[in-house]
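A short worksheet on the structure shown next.
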Amino acid sequence: MPQTPTVHLEAASTLAVVVSSIEPLLFLSDDLKVIAASASFCRAFEIDPASVPGKRLSDLGAGEWAMPKLESLLRATASGSANIEAYEIDLKRPGQKTRQLVLNAQTLDDGDIDHIRLLLAIVDVTDARAEARIKDDLIRDKAVLLQEVQHRVANSLQIIASVLMQSARRVQSEEARGHLRNAHHRVMSIAALQQQLSTSLGGKVELRAYFTQLSRSLGASMIADPDRLSIRVTVDDSVVDADVSVSLGLIVTELVINALKHAFPDERKGVIVIDYRSSGNDWTLSIADNGIGVPRGNDAPKAGLGTGIVEALVKNLNGEIELSDAGPGAVVTISHRETAAPENALSSAV
């Protein structure tokens, strides 16, 4: 008997909280009759507040809440054998669009130990889901458009390269012909980079396939006799962001072109090796050849355009450059360490 006033007080407090809630709430008995509904629930689902108390859940509105699976879950929650957490339903009402709802239910101890009460919270996610679908569609459309643009850019670069090569064949000046051929090689390598990027997924590039394709493009445009010169790729399973892959690809292009132009004079045979290894955020890229080695003194070529390109790209990647003898040949090593400060020193002309 002494507990009765407390029971009434707690029950009244629960009713007051439910009715005044700004969120759609239903206060239910264990036999799924509505004890109270928040004003926000009645507004959201266009139900007369005066008609709600005492009605079964399945009788609310025009019967759209009569969902056998939902009722079964609510009864299981009341018995303590299940919980409703983020349960999604589609609320279908005649003449209106379907609403997507997320439901959460829990038992409430309001002081009446003889009856189990349920609090059912409803969140309408219809608009949020529609916005998410629109966003996903836009992202998908953007990806398709970007891929198409990349394909067209690659095709345009190949056309430009073809024009440059035709021009190189027509000019009389050997110096001009050399400049046009160099431009052709660079454009072809960039076209190969662009083509590889157009097939990459999620903005990530797998470097082994990337460098392999790049070496094939460089070999096709610059190596007249594959039995004399070749390019080999030894790369681990590293995957990098697309923007990083562009910088790495351009570095590889310039250094391989440099080796092909300077390391194998007088029809000398040889091989160029592109190697890349990474561990965590640290990585090392090296371009090695077994040619004549690093020229010294008066024989050392002056720094050219390629040198400036490589040094700028390495600086952008926060890397370091080291040029050394390979015995035979030379190796250019670009390394990135999280704790290293970038220092650039490349003396061989590119």
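The values are calculated or read from the model by the stated rules, or taken from the named source; none is laboratory data. Source: prediction; values computed, not measured. All Cβ positions, glycine included, derive from the backbone under ideal geometry; neighbour counts span all protein chains shown. Remember, those area values only see protein heavy atoms, side chains included, never the ligands or the DNA or RNA. Shrake-Rupley method; radii C 1.70, N 1.55, O 1.52, S 1.80 Å.
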(request) Please list the non-local residues whose amide H lies under 5 Å from the amide H of Lys55, H modeled 1.01 Å from N, same-chain partners needing a gap of 5 or more. (result) Val34
(message) Can you compute the charge dipole magnitude of the stretch 13-112 about its Cα centre, using +1 on each Lys and Arg Cβ and -1 on each Asp and Glu Cβ, nothing else charged? Give it in debye, rounded to the nearest 20.
(response) 420 debye
(message) Spelling out what I want: for every residue of the stretch 215-226, take phi, set θ = phi - 60°, compute 6.51 cos²θ - 1.76 cosθ + 1.60 (Karplus), and round to whole Hz; glycine and proline get x.
(response) 5, 5, 5, 5, x, 5, 8, 10, 9, 6, 10, x
(request) Taking the dipole about the Cα centre of the stretch 14-125, with the C-beta of Lys and Arg at +1 and of Asp and Glu at -1, give me whichever of Gly63, Leu25, Asn104 is farthest to the positive side. (result) Gly63
(message) Quick one: 3J(HN,Hα) in Hz for the stretch 258-272, Karplus 6.51/-1.76/1.60 with θ = phi - 60°, rounded, Gly and Pro as x.
(response) 4, 5, 5, 7, 10, 7, 10, x, 6, 6, 5, 7, x, 9, 10
(request) Quick one: which residues, 5 or more positions from Ile84 or on another chain, have an amide H under 5 Å from its amide H? H modelled 1.01 Å from N in the peptide plane, none for Pro or chain starts. (result) Ala105
(request) Run down the lysines and flag those whose C-alpha is under 17 Å from the C-alpha of Lys69, throwing out any fewer than 8 positions away in its chain. (result) Lys33, Lys92
(message) Can you give the local net charge around Lys33? Use residues other than it whose beta-carbon is closer than 13 angstrom to its beta-carbon, Lys and Arg +1, Asp and Glu -1.
(response) 0
(message) Taking all protein chains in place and a 1.4 Å probe, what share, in percent, of the accessible surface of the stretch 14-125 do carbon and sulfur account for?
(response) 53 percent
(request) Using θ = phi - 60° and the Karplus relation 6.51 cos²θ - 1.76 cosθ + 1.60, list the HN-Hα couplings for the stretch 281-290 in order, rounded to whole Hz, with x at every Gly or Pro. (result) 8, 8, 8, 9, 10, 9, 10, 10, 9, 10
(message) Suppose all protein chains stay in the model; what accessible area per residue would a 1.4 Å probe give for the stretch 14-125, in Å²?
(response) 51 Å²
